[in-house]
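Here the structure comes first, spelled out in structure tokens, and everything after it is commentary.
The values are calculated or read from the model by the stated rules, or taken from the named source; none is laboratory data. Predicted, not measured: the structure shown is a model, and the values here were computed from it. Positions of Cβ are backbone-derived with ideal geometry, glycine not excepted, and every protein chain shown enters the neighbour counts. Accessible surface is based on the protein model in full, side chains and every heavy atom, while ligands, DNA and RNA are left aside. Shrake-Rupley method; radii C 1.70, N 1.55, O 1.52, S 1.80 Å.
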Amino acid sequence: MSLPDEIAAVPVWYHTIQLAEGVSTPGWFDLEPVLGKLPWPDVEGKRCLDVGTYDGALAFELERRGAKEVVATDIAGHEHWDWPAALRRRGPEALAQIAGEKGDGFGVAKRALGSSAERVEVNVYDLSPERLGTFDVVVCGSLMLHLRDPIRALEAIASVCDGKFLSAETVDPGLSMRVRRGAAATLGDQELVHWWIPNRAGHRAMVERAGFRVIDSTGIYAVPFGTGHPARATSRTGLLQRLVAGGAGVPHAAVLAQPLS
Ligand SMILES: C[S@@+](CC[C@H](N)C(=O)[O-])C[C@H]1O[C@@H](n2cnc3c(N)ncnc32)[C@H](O)[C@@H]1O
């Protein structure tokens, strides 16, 4: 099968990834423009973990930056999401429809890029040194908002992090402007399996509460929609979004942290 045919056979691409000259995946989100804004630690020669990898954009970026070994984790299927009770009650078929068919975007991208990243199915809550060993660098993007218990997940991440942790998460820009210093969060849209969406200080506080010390951080930036995002054509960029996040997309903030010694 040709690479364009392999790409077309994946039902949903979450990440826009350039897999060859002039060949990109039609992802929901394009991390490429924001990768340079993240406070990356040195990953050269390091053992690295990407938690909640989806199609693997962050895992492949770790490799591109010189990681010696990259493990990329995700859940096995849609039934493992932290479904809100109201959605769970609608039953497995409804959940499958909301979550969409995932396909093997990671595998297609891995082969096309000649990557050695290893995909392992393990829930973030179950990360442990016994299961995967420990890592010099752990990254996790856009996952905490989908979890009922983000601090438990961050504690599990801390258990496997020996060095640095890069956390890039969705934040609420309006709440970040109204509450600048204290930690605050809103409950997001349950139809999208959105749980806690913190202000920028709240994201930082969650990481600290799980046993990390924050050593660097970004302001709020927007993760741009990719060509495959259903809302891309109709989404308008409001004034607040433009002021706080600098453009269209989903507002995020990132911190670089290390485990408390
Ligand atoms: C919104 S995507 C983010 C993808 C990528 N990390 C990024 O930054 O663009 C969330 C990913 O986390 C995964 N996920 C959801 N719940 C999870 C859980 N409990 N444990 C591990 N991964 C989970 C989903 O399957 C999906 O791949």
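With unit charges on the beta carbon (Lys/Arg positive, Asp/Glu negative), name the residue among 67, 109, 1 whose Cα is farthest towards the positive pole of the charge dipole of the chain.
So the residue we want is 67.
Quote to one decimal, in nm, the extra length available between residue 181 and residue 218 on full extension: 0.36 nm per residue of separation minus the C-alpha distance between them.
Contour length minus the Cα-Cα distance gives 11.8 nm.
In whole percent, what relative contact order does the chain give with Cα contacts below 8 Å and a gap of six or more residues?
21
May I ask you to derive the FRET efficiency for residue 79 and residue 261 from their Cβ-Cβ distance with R0 = 30 Å, giving the value to the nearest 0.05?
The value I calculate is 0.20.
Any chance you could look up the accessible area of residue 177 with a 1.4 Å probe, heavy atoms only, rounded to 10 Å²?
Taking all protein chains as shown, residue 177 has close to 80 Å².
How high is the relative contact order of the range 1-112, in percent, with contacts defined as C-alpha pairs under 8 Å that are six or more residues apart?
28
For the chain, with every protein chain kept in place, what is the accessible area per residue (1.4 Å probe, Å²)?
48
Kindly provide the helix-only [θ] at 222 nm of the chain, computed as the sum of -39,500 (n - 2.57) over DSSP H runs of four or more divided by all residues, to the nearest 500 deg cm²/dmol?
-7000 deg cm²/dmol
Taking 7 Å along the Cα-to-C-beta vector as the label spot, tell me the residue 148-residue 97 distance in nanometres, rounded to one decimal.
Calculated label separation equals 2.3 nm.
Residue 2 label point, 7 Å along Cα→Cβ, cut-off 19 Å on backbone N: hits in the range 19-36?
Answer for the range 19-36: 19-26.
Using a 1.4 Å probe on the protein heavy atoms, what percent of the accessible area of the range 121-241 belongs to carbon and sulfur?
48
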